Amino acid sequence: MSGQSACCGTAKNILLYACSGGANVAEVADKAARQLMSEGLGTMFCLAGLGADIQGMVQTARDADMNLVIDGCQVDCARKIFERLGLKNCQYLRVTDLGIEKVKGVRSTQDQVDKVVAKAKQTLEQVRKG
């Protein structure tokens with residue numbers, strides 16, 4: 001990661017986690033996280049590794065300046081993993097809270113991804129400002 005971002009000033013160690021479910025909202029979360037990473041706003045990290053309680057990965061999450069967690073729906077699988085591990089340095093987004101309906105067997109659209117990316121950037125900016 002470059003450590004720089006146009007919208008968020010100097011980034012620190014920001015890790016990005018995306019829902020990995022099977023519905024469209026999981027795909028939206030994943031694509032949004034990948035786009036944020038491509039724009040230098042954070043580094044994607046392994047949610048499954050945290051769920052499996054792999055200690056090195058848990059420690060990396062603890063050591064991050066911030067973990068941005070993008071859940072797909074109200075089941076909040078990613079959030080529950082972070083809560084179970086006692087990780088406090090987190091910000092959460094839920095795709096369905098942005099008006100995107102969860103539909104199994106349907107692909108995401110770029111408009112949906114853009115909506116989540118915009119909200120994530122807003123969240124990162126608010127955190128940066130304190």
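Looking across region 11-41 at every residue that is of a type in the set (Asp, Glu) and assigned to a helix (DSSP H, G or I), the one that is nearest to Thr109 (Cα to Cα) is identified as Glu27.
Listed by first and then second residue, the pairs linking a residue in region 16-44 that is closer than 21 Å to Arg62 by Cα to a residue that is charged (D, E, K, R), with Cβ atoms under 6 Å apart and 6 or more places separating them unless they lie on different chains, are Ala18/Asp30; Cys19/Asp71.
Listed by first and then second residue, the pairs linking a residue in region 57-69 that is closer than 24 Å to Gly21 by Cα to a residue that is basic (Lys, Arg) and part of a helix (DSSP H, G or I), with Cβ atoms under 9 Å apart and 6 or more places separating them unless they lie on different chains, are Val69/Arg79. Of all the numbered requirements in (1) buried (at least 17 other Cβ atoms within 10 Å of the Cβ); (2) touching a Cys at 6+ places or on another chain (Cβ under 6 Å), Leu16 misses one, and that requirement is (2). Here the condition is being out of contact with any His (no Cβ under 8 Å at 6 or more places or on another chain), surrounded by fewer than 17 Cβ atoms within 10 Å (Cβ to Cβ), basic (Lys, Arg) and at pLDDT below 95; of Lys88, Lys80, it holds for Lys88 alone.
Note on region 92-114: residues that are more than 12 Å from the chain's Cα centre (by Cα), surrounded by fewer than 21 Cβ atoms within 10 Å (Cβ to Cβ) and within 21 Å of Cys77 (Cα to Cα) amount to 11.
The values are calculated or read from the model by the stated rules, or taken from the named source; none is laboratory data. If you're wondering where the values come from, they're calculated on a predicted model, not measured in any experiment. Using ideal geometry, Cβ is built from the backbone for each residue, glycine included, and neighbour counts are taken over all protein chains shown.
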